[in-house]
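The values are calculated or read from the model by the stated rules, or taken from the named source; none is laboratory data. This structure is a prediction, so every number in the text was calculated from the model and none was measured. Methodologically, a virtual Cβ is constructed for each residue, glycine included, from the backbone with ideal geometry; neighbour enumeration extends over all protein chains shown. With ligands, DNA and RNA removed, areas are computed over all heavy atoms of the protein, side chains included. Shrake-Rupley method; radii C 1.70, N 1.55, O 1.52, S 1.80 Å.
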Amino acid sequence: MPGRWGGVQVNSGSKVLQDFFQGLVTQTFASTIGVNDGDLTDYISAMLANFCLAEELYKIRNAAGRPIADVGEMLLESDPVYGPAASFDREREVRKHIGDYTLFHAGMFPESINHYRLRRQRLESLIDFIKAGKESYYIVSQFDVFEYASAAPLFAKLSARFEDCVCGLNMVKNELEVMQHPIASRTRELLM
């Protein structure tokens, strides 16, 4: 399944979540921002399901094995020439994660980005999340040979439509909040 969503593997425990997110993301993206792209919504749905697991959200680790949660540190980790990335495959892996991580946070938790930055002295306070995400997806799209060739166009679309995807994810977040509202819960109870 790795090629299906550009390398996002949905583990069996999150398959139900992925199906849930798929319906929600597909419908919300189509109705609110006019995006009717199955590859894009499939990828984003799989990313959301995987990021429900903390080990997926913080899977990039430094040489000491410590999870990296700072986008600035991730950017340094992705450098195969002057940084610790041991190969261009590692660069692709980290850049893909940066794209996913920034898309997820900017779309689902935009209010936390500046709040979190103000509370800690972090390298990421100097990083523009949107720019880092777009650039990272663009770099991943340039890995367009061998086993990465089929996924490259998807990452080019993610880069080109990054802001649309952030907006769409924010609408998904709003839909999730509505679903949790007591009126929505009571309506479901009455209908079932």
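Assuming residue 47 fulfils every condition listed in (1) over 28 Å from residue 176 (Cβ atoms); (2) open to solvent by less than 60 Å² (accessible area, probe 1.4 Å) apart from one, which condition is it?
Of (1) over 28 Å from residue 176 (Cβ atoms); (2) open to solvent by less than 60 Å² (accessible area, probe 1.4 Å), only one is false for residue 47: (1).
In this structure, does residue 160 turn out to be surrounded by 16 or more Cβ atoms within 10 Å (Cβ to Cβ) and at pLDDT 95 or above?
So residue 160 does not fit the description; no.
Which ones in the range 131-152 are touching a residue at least 24 places away in the same chain (Cβ under 8 Å) and under 17 Å from the mean Cα position of the chain (by Cα)?
132, 133, 134, 135, 136, 137, 139, 140, 151
Restricting to the range 124-153, name every residue that is in a helix (DSSP H, G or I) and open to solvent by less than 20 Å² (accessible area, probe 1.4 Å). Lay out the reasoning, then the answer.
Within the range 124-153, the first condition is being in a helix (DSSP H, G or I), and the residues that meet it are 124-126, 129-141, 146-148, 152-153.
Result: 124, 129, 132, 133, 136, 137, 140, 141, 152.
Scan the range 32-58 residue by residue and report those that are touching a residue at least 24 places away in the same chain (Cβ under 8 Å) and over 20 Å from residue 151 (Cβ atoms).
Within the range 32-58, 32, 33, 52, 53, 57 qualify.
Which ones in the range 58-97 are more than 18 Å from residue 140 (Cα to Cα), open to solvent by less than 50 Å² (accessible area, probe 1.4 Å) and touching a Pro at 6+ places or on another chain (Cβ under 9 Å)?
Selection gives 62 alone.
Among the listed residues 106, 30, which satisfies the condition of being under 19 Å from residue 169 (Cβ atoms) and more than 17 Å from the chain's Cα centre (by Cα)?
It is 30.
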